[in-house]
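The values are calculated or read from the model by the stated rules, or taken from the named source; none is laboratory data. What you see is a predicted model, and the numbers here were worked out from it, not measured in a lab. Cβ atoms come from the backbone with ideal geometry, glycine included; neighbour counts cover every protein chain shown. Ligands, DNA and RNA are stripped out before the accessible areas are found, and what is left, the full protein with its side chains, is counted by its heavy atoms. Shrake-Rupley method; radii C 1.70, N 1.55, O 1.52, S 1.80 Å.
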Amino acid sequence: MATDNKIQFWRRNAKVPGSLQPVYGAQHPPLDPRIHRTFLKDAPKPNTLSIKSKKASSFHDFARSTNDAWDIGDDEDDDFLGAARLSSLPPQLPSTPQPPVPPQSSSNNLNVTEALPTDSRAPQKPECRRDKAKTDSRPTNGRVVKSCSEAQLSTAAVRSPLQKQQSLPVRPIIPLVARISDQNASGAPPMTVREKSRLDKFRQLLASPNTDLEELRKHSWSGIPREVRPITWRLLSGYLPANMERRELVLKRKREEYFGFIEQYYHSRTDEHHRDTYRQIHIDIPRTNPLIPLFQQPLVQEVVFERILFIWAIRHPASGYVQGINDLVTPFFVVFLSEFVEEDVENFEVSALPLETQRNIEADSFWCMSKLLDGIQDNYTFAQPGIQIKVKALEELVSRIDEDVHSHFQRYEVEYLQFAFRWMNNLLMRELPLRCTIRLWDTYQAEAEGFSHFHLYVCAAFLIEWRKEILSMVDFQGLLMLLQNLPTIHWGNEEVGLLLAEAYRLKYMFADAPNHYRR
């Protein structure tokens, strides 16, 4: 009888003590819709008649019920002021008693792209939520966490002889700089004839004595092959000259100049005048892609990123360091690192590289990030006027291209600033996997004003991409949670390509005729 009561207790209470719950905020990646499939469907529908009575405090209630990634706790201040800082590994979750789980196969550690084909869809069962407690288990020493949806996927795998029997992690690790077959959702072969032809064209352009930058931009708009992306980004960002003979001299001079800045200024990080800036950088860096081992290495955090961000901040006193700039280093760092690493970039130990190579990657990342920020610096000056203008322009544009979505936001008092501020501040880096951001930046650098102007139309296209899910939400909190956790974790080059095509269409229609979207 006692055993039956215990089973009934677990079935009645879906929220098992210690079970993983999604936390909404800027530092967390988008939810995986294949794991949290009930996220959009099972949210309780509030009484729409009572919405009016809660209008005044709806946003405040939402803010109190969620954790924001920008909040700085006292414990972080104590860590910063302490004599030594421990390694910034993800905090261990407290162990709590859990229902017994059958032993899992050793294939649990496989990549999610192998565990789940792109075109597969796991059916939902009615008894899933009731038995959720039986299938949940705690992560121990970095092992896989098993969820209810995972159990269903594993069951489906048993039925299919073509699919391996293995569990799906709650937070899958997907390669940052994936192979071509990993980046394409359709599972295309590693190198098609067309892709090989494009690669040859890039190499031909880059090998000419004076690279035709306009032609290079034209070919880069639809994506840059991984093999030539580092040199192409250096050229398109304006860091390297088009003349091949001058490139080595420019690289040598700029790298020496950067490390001259470090010798001149970096020791001042503990001075009273710069202490607050360095403290904020020190706090924000561990939040940069916290689930990716590459960015949790002490060498990457406490040497490379801290130096890049601090030197940039003191050389740009009009804006200084602003939260969100730390994200903008990562695409450049990964791309320039991939020049020396063939596979598994996200787990690569940077200290294994020669010191000179480490220094070159750091210097190149600094200068390319500086070139990017030169074009959008008004996003980070006092009161961030650039972002305010872009968010307002996004609101006007969406009101014209999709009046239903715009009216839906108005009905439930969702302000564009509440979700689009992060889209502009971080250039959608918190909304997309890093491999998608890198592909997106191929096009941004090919556009004349990609980061400052074209990004607006990308955000509009990105918002309309989720119109069905947005219109299905009938409460303020559900809308904000959706917009802060859009399910893009499995996106690849195909999805980004479609997004960019729609953004280009919007730009073509509205960019040179702004009165078309002004009321």
Handout entry: Options 298, 293; residue that is within 20 Å of residue 429 (Cα to Cα) and open to solvent by less than 70 Å² (accessible area, probe 1.4 Å)
Key = 293
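Does region 344-375 hold any residues that are touching a residue at least 60 places away in the same chain (Cβ under 8 Å) and over 19 Å from residue 284 (Cα atoms), and which are they?
The answer is 344, 345, 346, 359, 360, 363, 364, 367, 368, 371, 372, 375.
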Practice task
Mind checking which helices (runs of 4 or more DSSP H) fall wholly inside region 312-425 and carry at least 1 residues that are open to solvent by 10 Å² or more (accessible area, probe 1.4 Å)?
Solution key: 355-374, 385-401, 403-411, 417-425
Exercise for the section: Answer yes or no: is there a residue in region 209-227 that is in contact with a helix residue (DSSP H, G or I) (Cβ under 8 Å, 6 or more places away or on another chain), of a type outside the set (Gly, Ala, Ser) and over 27 Å from residue 373 (Cα atoms). Expected result: yes
Fill in the blank from the handout: Inside region 475-495, the number of residues satisfying the requirement of being open to solvent by less than 40 Å² (accessible area, probe 1.4 Å) and either more than 17 Å from residue 428 (Cα to Cα) or more than 15 Å from the chain's Cα centre (by Cα) (or both) is 7
Problem - Considering residues of region 288-299 that are in a helix (DSSP H, G or I) and in contact with a Phe, Trp or Tyr (Cβ under 9 Å, 6 or more places away or on another chain) only, the residue farthest from residue 332 (Cα to Cα) - result: 293
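Yes/no matrix, rows are residues, columns are (1) at pLDDT 95 or above; (2) open to solvent by 10 Å² or more (accessible area, probe 1.4 Å); (3) closer than 26 Å to residue 408 by Cβ; (4) outside any loop (DSSP other than H, G, I, E, B):
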{"position": "438", "(1), (2), (3), (4)": "yes, no, no, yes"}
{"position": "452", "(1), (2), (3), (4)": "no, yes, no, yes"}
{"position": "463", "(1), (2), (3), (4)": "yes, no, yes, yes"}
{"position": "471", "(1), (2), (3), (4)": "yes, yes, yes, yes"}
{"position": "504", "(1), (2), (3), (4)": "yes, yes, yes, yes"}
Exercise for the section: Sort out for me the helices (runs of 4 or more DSSP H) sitting completely within region 167-220 that have 3 or more residues that are modelled with pLDDT of 50 or more. Expected result: 193-207, 213-220
Fill in the blank from the handout: Over region 218-238, the set of residues of a type in the set (Phe, Trp, Tyr) and crowded, with 18+ Cβ neighbours inside 10 Å is 233
Exercise for the section: Six or more apart or on different chains, Cβ under 7 Å: which pairs go from a residue in region 317-337 that's under 24 Å from residue 226 (Cβ atoms) to one that's of a type in the set (D, E, K, R)? Could you list them? Expected result: 335/229; 336/364
Practice task
Output the qualifying pairs, or none if there are none: Cβ atoms under 7 angstrom, residues six or more apart or on different chains, first residue in region 418-431 and closer than 18 Å to residue 290 by Cα and in contact (Cβ under 8 Å) with a residue 60 or more places away in the chain, second residue open to solvent by less than 10 Å² (accessible area, probe 1.4 Å) and among the polar types (S, T, N, Q).
Solution key: 429/437; 431/488
